[in-house]
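Colleague: Okay, here's the structure, questions in a sec.
The values are calculated or read from the model by the stated rules, or taken from the named source; none is laboratory data. Owing to the predicted nature of the structure, the values given are computational and were not obtained by experimental measurement. Here the Cβ positions follow ideal geometry from the backbone for every residue, glycine too, while neighbour counts run over all protein chains shown. SASA here: full protein model, heavy atoms, side chains in, ligands and nucleic acids out. Shrake-Rupley method; radii C 1.70, N 1.55, O 1.52, S 1.80 Å.
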Amino acid sequence: MTRIGEAFKDATDKLRAAGIDSARLDARLLVAQAVGGAPTMVLSAREREMTAAQSAVLAASLRRRRAREPMAHILGEREFWSLPFKITAHTLIPRADSETLIAAALRDAPGDGAGIRILDIGVGSGCLLLTLLNAWPKAAGVGVDISAEALDVAAENTHRLGLDARAQFILKDAFIPGALAALGATALKFTHIVSNPPYIPDGDIAGLEPDVRDYEPLLALKGGRDGLDAYRAILDGVGDILAPTGKVYLEVGKGQHRDVIALADQRGLDVVGVDKDISSVERCVILHPRVRSRTAPIEGS
Ligand SMILES: C[S@@+](CC[C@H](N)C(=O)[O-])C[C@H]1O[C@@H](n2cnc3c(N)ncnc32)[C@H](O)[C@@H]1O
């Protein structure tokens, strides 16, 4: 029999030897998961003996983590904007960077969300759409994704958060011409369009950290030759489905904000602002439809 404290030390050593920077934190979370307790009890109950079954669970988790499988996959969950989201190998693991979109949208529309209709393009686990619906109790929204498996996870997260009545999910390729316009044909226009699309240039995928490259869905990462394919498709389509006073919140990769603003400009959308993430990287491009002047220009002026 092994005590919790010994198992924690042994797990930390094994993860450290495997080159995992967050070895101590990961070990603590994996021991807590194996014994079915809170992370704090790894320290407070260090003298308690683990059962054989608990030790077997821990050994299996350590094997997975040493092979660089992400913690969110092993734990089955990741926190985003202080809400728990179920995560599988079919969903991108929500990133803290994406909370920049949430902060921007909530800042721009404080209140209960009455009249707000959200579209989340590439909804994945549902972290963006569901966080906004949770914050705006009167808002409703639609999430679109090309992955049926991701939508199953989003639906489960919706249920867990008690948001079933206000969230709808549609399985479709949102990046083919006309796909987004079709969403507007049957529904009211959207006041808020949010998206964290795949934006990694194809040539950069091989150089990603193994935790990301080998375990996260390629569909969620690959953005085409220059990383901008999804933005072109989204910006081609949003004009048809965005309310005249609506806004688009797009997550962008490091250094992509200028290109995305230029693509938007060519399609009649003006930039409202660019918000930085916690690492001071321009992360969220906020757009709205160009306001056309009511008065025609005076000839010769
Ligand atoms: C970067 S992930 C974002 C997931 C989630 N919104 C988040 O922020 O964590 C991009 C998502 O876009 C989806 N996706 C990729 N290509 C798509 C397409 N052609 N049409 C619709 N969704 C697509 C992927 O399946 C993935 O869930």
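Colleague: Considering only residues of segment 282-300 that are surrounded by fewer than 17 Cβ atoms within 10 Å (Cβ to Cβ) and closer than 25 Å to SER195 by Cα, which is modelled with the lowest pLDDT? Give the steps one after another, and end with the answer.
Modeller: We begin by selecting, within segment 282-300, every residue surrounded by fewer than 17 Cβ atoms within 10 Å (Cβ to Cβ); these are 290-300.
Of the ones still in play, those that are also closer than 25 Å to SER195 by Cα are 290-291.
Values: ARG290: 91, VAL291: 80.
Looking at the filtered set, the residue picked out is VAL291.
Colleague: Same structure, new question: Take segment 262-288 and flag every residue that is in a strand (DSSP E or B) and over 16 Å from THR245 (Cα atoms). Full working, then the answer.
Modeller: Filtering segment 262-288 for residues in a strand (DSSP E or B) gives 269-276, 282-288.
If the condition is that a residue be in a strand (DSSP E or B) and over 16 Å from THR245 (Cα atoms), then VAL274, ASP275, LYS276, GLU282, ARG283, CYS284, VAL285 are the ones that fit.
Colleague: Out of segment 55-67, which residues are open to solvent by 60 Å² or more (accessible area, probe 1.4 Å) and more than 13 Å from VAL35 (Cα to Cα)?
Modeller: Hits for segment 55-67 are ARG63, ARG64, ARG66.
Colleague: Additional query: If you take the residues of segment 49-71 that are within 27 Å of the chain's Cα centre (by Cα) and in a loop (DSSP other than H, G, I, E, B), which of them is farthest from SER195 (Cα to Cα)? Let's see the steps before the verdict.
Modeller: Residues of segment 49-71 that are within 27 Å of the chain's Cα centre (by Cα), as a first pass: 61-71.
Retained after the next criterion (residues that are in a loop (DSSP other than H, G, I, E, B)): 67-70.
Details: ALA67: 31, ARG68: 28, GLU69: 26, PRO70: 23 Å.
Filtering segment 49-71 for residues that are within 27 Å of the chain's Cα centre (by Cα) and in a loop (DSSP other than H, G, I, E, B), the one farthest from SER195 (Cα to Cα) comes out as ALA67.
Colleague: Of the residues that make up segment 75-93, is at least one of a type in the set (Ser, Thr, Tyr), on the phi > 0 side of the Ramachandran plot and more than 9 Å from the ligand (Cβ to nearest atom)? Give the derivation first.
Modeller: Filtering segment 75-93 for residues of a type in the set (Ser, Thr, Tyr) gives 82, 88, 91.
Then keep just the ones that are on the phi > 0 side of the Ramachandran plot; that gives 82.
From the residues that got through so far, the ones that are more than 9 Å from the ligand (Cβ to nearest atom) too are 82.
Yes, there is a match, as at least one residue in segment 75-93 is of a type in the set (Ser, Thr, Tyr), on the phi > 0 side of the Ramachandran plot and more than 9 Å from the ligand (Cβ to nearest atom).
Colleague: Any residue at all in segment 88-100 that's of a type in the set (D, E, K, R) and exposed (fewer than 14 other Cβ atoms within 10 Å of the Cβ)?
Modeller: To start, the set of residues in segment 88-100 that are of a type in the set (D, E, K, R) comprises 95, 97, 99.
Filter once more, keeping what is exposed (fewer than 14 other Cβ atoms within 10 Å of the Cβ): none.
Looking for residues that are of a type in the set (D, E, K, R) and exposed (fewer than 14 other Cβ atoms within 10 Å of the Cβ), one finds none in segment 88-100, hence no.
Colleague: Quick check on my filter: what residues within segment 209-225 are within 21 Å of the chain's Cα centre (by Cα) and part of a loop (DSSP other than H, G, I, E, B)?
Modeller: Let us first name the residues in segment 209-225 that are within 21 Å of the chain's Cα centre (by Cα), namely 209-224.
Across segment 209-225, the qualifying residues are GLU209, ASP214, TYR215, GLU216, PRO217, LEU221, GLY223, GLY224.
Colleague: Does segment 134-147 include one or more residues that are closer than 18 Å to THR88 by Cα and surrounded by fewer than 20 Cβ atoms within 10 Å (Cβ to Cβ)?
Modeller: Just the residues of segment 134-147 that are closer than 18 Å to THR88 by Cα, to begin with: 143-147.
Keeping just the survivors that are surrounded by fewer than 20 Cβ atoms within 10 Å (Cβ to Cβ) gives 146-147.
Among the residues of segment 134-147, at least one is closer than 18 Å to THR88 by Cα and surrounded by fewer than 20 Cβ atoms within 10 Å (Cβ to Cβ), which makes the answer yes.
Colleague: Looking at segment 173-193, is at least one residue surrounded by fewer than 17 Cβ atoms within 10 Å (Cβ to Cβ) and within 19 Å of the chain's Cα centre (by Cα)? Break it down into steps so the answer makes sense when it comes.
Modeller: Just the residues of segment 173-193 that are surrounded by fewer than 17 Cβ atoms within 10 Å (Cβ to Cβ), to begin with: 173, 176-178, 181-182, 185-189.
Filter again for within 19 Å of the chain's Cα centre (by Cα), leaving 173.
Yes - at least one qualifying residue is present in segment 173-193.
Colleague: Also, quick follow-up: Going by the structure shown, is ASP164 within 12 Å of the ligand (Cβ to nearest atom), open to solvent by 40 Å² or more (accessible area, probe 1.4 Å) and free of Cβ contacts under 8 Å to residues at least 60 places away in the same chain? It would help to see each step written out before you state the result.
Modeller: On the way: within 12 Å of the ligand (Cβ to nearest atom): no; open to solvent by 40 Å² or more (accessible area, probe 1.4 Å): yes; free of Cβ contacts under 8 Å to residues at least 60 places away in the same chain: yes.
So ASP164 fails the test.
Colleague: Which pairs turn up if I take residues in segment 113-125 that are within 8 Å of ASP145 (Cβ to Cβ) and in contact (Cβ under 8 Å) with a residue 24 or more places away in the chain and look for partners that are among the hydrophobic types (A, V, I, L, M, F, W, C) and assigned to a loop (DSSP other than H, G, I, E, B) with beta carbon separation below 9 Å, at least 6 apart in sequence or on another chain?
Modeller: Close Cβ pairs satisfying both conditions: GLY122/LEU92; GLY122/ILE146; GLY122/ALA174; GLY122/PHE175; GLY124/LEU92.
Colleague: Please indicate, with yes or no, whether at least one residue in segment 193-206 is within 14 Å of the ligand (Cβ to nearest atom), in a helix (DSSP H, G or I), at pLDDT 95 or above and touching a strand residue (DSSP E or B) at 6+ places or on another chain (Cβ under 7 Å).
Modeller: Among the residues of segment 193-206, at least one is within 14 Å of the ligand (Cβ to nearest atom), in a helix (DSSP H, G or I), at pLDDT 95 or above and touching a strand residue (DSSP E or B) at 6+ places or on another chain (Cβ under 7 Å), which makes the answer yes.
Colleague: Out of (1) within 19 Å of the chain's Cα centre (by Cα); (2) surrounded by fewer than 18 Cβ atoms within 10 Å (Cβ to Cβ); (3) not in a loop (DSSP other than H, G, I, E, B), what's the single condition that is false for ALA230?
Modeller: All conditions are met except number (2).
Colleague: In segment 194-207, which residue that is surrounded by fewer than 20 Cβ atoms within 10 Å (Cβ to Cβ) and among the aliphatic types (A, V, I, L, M) is nearest to the chain's Cα centre (by Cα)?
Modeller: For segment 194-207, the residue satisfying everything is ILE200.
Colleague: Just to verify a result, which residue in segment 265-281, among those that are touching a strand residue (DSSP E or B) at 6+ places or on another chain (Cβ under 7 Å) and over 18 Å from THR100 (Cβ atoms), is most open to solvent (accessible area, probe 1.4 Å)?
Modeller: Step one: list which residues in segment 265-281 are touching a strand residue (DSSP E or B) at 6+ places or on another chain (Cβ under 7 Å), which gives 268-277.
Retained after the next criterion (residues that are over 18 Å from THR100 (Cβ atoms)): 268-270.
Numbers: GLY268: 27, LEU269: 10, ASP270: 48 Å².
Ranking the candidates gives ASP270 first.
Colleague: Select from segment 9-40 the residues that are in a helix (DSSP H, G or I) and open to solvent by 20 Å² or more (accessible area, probe 1.4 Å) and list them in ascending order. Steps first, please.
Modeller: Taking segment 9-40 as the starting set, the residues that turn out to be in a helix (DSSP H, G or I) are 9-17, 23-35.
Matches in segment 9-40: LYS9, ASP10, ASP13, LYS14, ARG16, ALA17, ARG24, LEU25, ARG28, LEU29, GLN33, VAL35.
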